[in-house]
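Structure first, commentary second.
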Amino acid sequence: MAHEIMARAPAVLAATVAFAAAVAPAGADELGAEAAVGIWRGKATWKGCTVAGAARVVFDVSRIDGRYRIGLERVRDGLGAVDLDPDTAGALAGVRDDLEVRLEAKRGAVTLRLKTGAGCVATAKVGRDSTGIPACDDYRALTLIKASCSAMGDGRSGDADATGRQLAGWTKARGARRKDAAAGCAKAAEPLRVVLTAQLCLPAAGSGPTGLVECDRYFAILGRYLRCDRIPPGSKDATRRSSEAMRAALARLNDPDVPAEARSAADDACRSATESLTTSLAAVGCDRQ
């Protein structure tokens, strides 16, 4: 009975969100997973701060089980890590205690903004560490996402370890070697991208950000459902297909001109579905996977 409830829930949610999204145009571009995950560096300015942070900042962005996390330990002492979610403008944003964090791309430039409740504001123009070969940068990010996604099972860090050893070679490659490296990375990335998307480690291509925290949480819980070995394969496949349709509908809610009522309806639907899935997972003993 529990798996029947879980199999039906995404289909019901997809219909609800599709109705709410009917008034919305296509979603906006975002700072996507492959472009966001990695090590970032840049020059920062600090204003209104009793204690300023580093003049040159270094931080990492990861994607852990379908959610972004930024590590700010090297930006200023005590900042730690903050979970981020895509917002309606395509940026990654999050709040922890009185700290607000926003990482956004605009006209080819990426900016990190921090603000505390005491009025301390930091702004940094940043760039991600790169091999100089975009295809290999993307492949490296995909392997890091795989390593941080529990749905990929044991041994999931193997590809990230391998690409880590290849970074120096990619960076030094020139001429034909550089061209061959780009082709090899692109070839290796495509099947990995497909698997990561199927396991909900990576957003579906073209889906865009949901802009809704409750819906992001729903997909995180759905990942547990897809990993549960007590759920029949047929039910998992039906659920996965319904979830892809739901993502497509949610993407159309990103435009700021969409009525607030539409986003509110989608958020409420996601909250209800998350509660149902959580209850059902506990009933079959998969709530801790």
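The values are calculated or read from the model by the stated rules, or taken from the named source; none is laboratory data. Please read all numbers here as calculations on a predicted model, not as lab measurements. In this analysis, Cβ positions are derived from the backbone assuming ideal geometry, glycine residues included, and neighbour counts consider all displayed protein chains.
Annotations
- Of residues in region 107-123 being more than 24 Å from Cys185 (Cβ to Cβ) and within 18 Å of the chain's Cα centre (by Cα), the one surrounded by the fewest Cβ atoms within 10 Å (Cβ to Cβ): Thr111
- Residue match in region 124-132 (condition: crowded, with 16+ Cβ neighbours inside 10 Å and more than 30 Å from Gly158 (Cβ to Cβ)): yes
- Some residue of region 103-120 being in contact (Cβ under 8 Å) with a residue 24 or more places away in the chain, in contact with a Cys (Cβ under 7 Å, 6 or more places away or on another chain) and not charged (D, E, K, R): yes
- Scope region 248-261; condition at pLDDT 80 or above and either under 23 Å from the mean Cα position of the chain (by Cα) or not assigned by TED's automatic domain parsing to the domain that holds Pro232 (or both); matching residues: none
- Cβ pairs under 7 Å, 6+ apart, first in region 258-277 and more than 14 Å from Phe219 (Cβ to Cβ), second at pLDDT 85 or above and basic (Lys, Arg): none
- Members of region 56-108 that are touching a Gly at 6+ places or on another chain (Cβ under 7 Å) and in a loop (DSSP other than H, G, I, E, B): Asp65, Gly66, Leu72, Glu73, Val75, Arg76, Asp87, Thr88, Asp98
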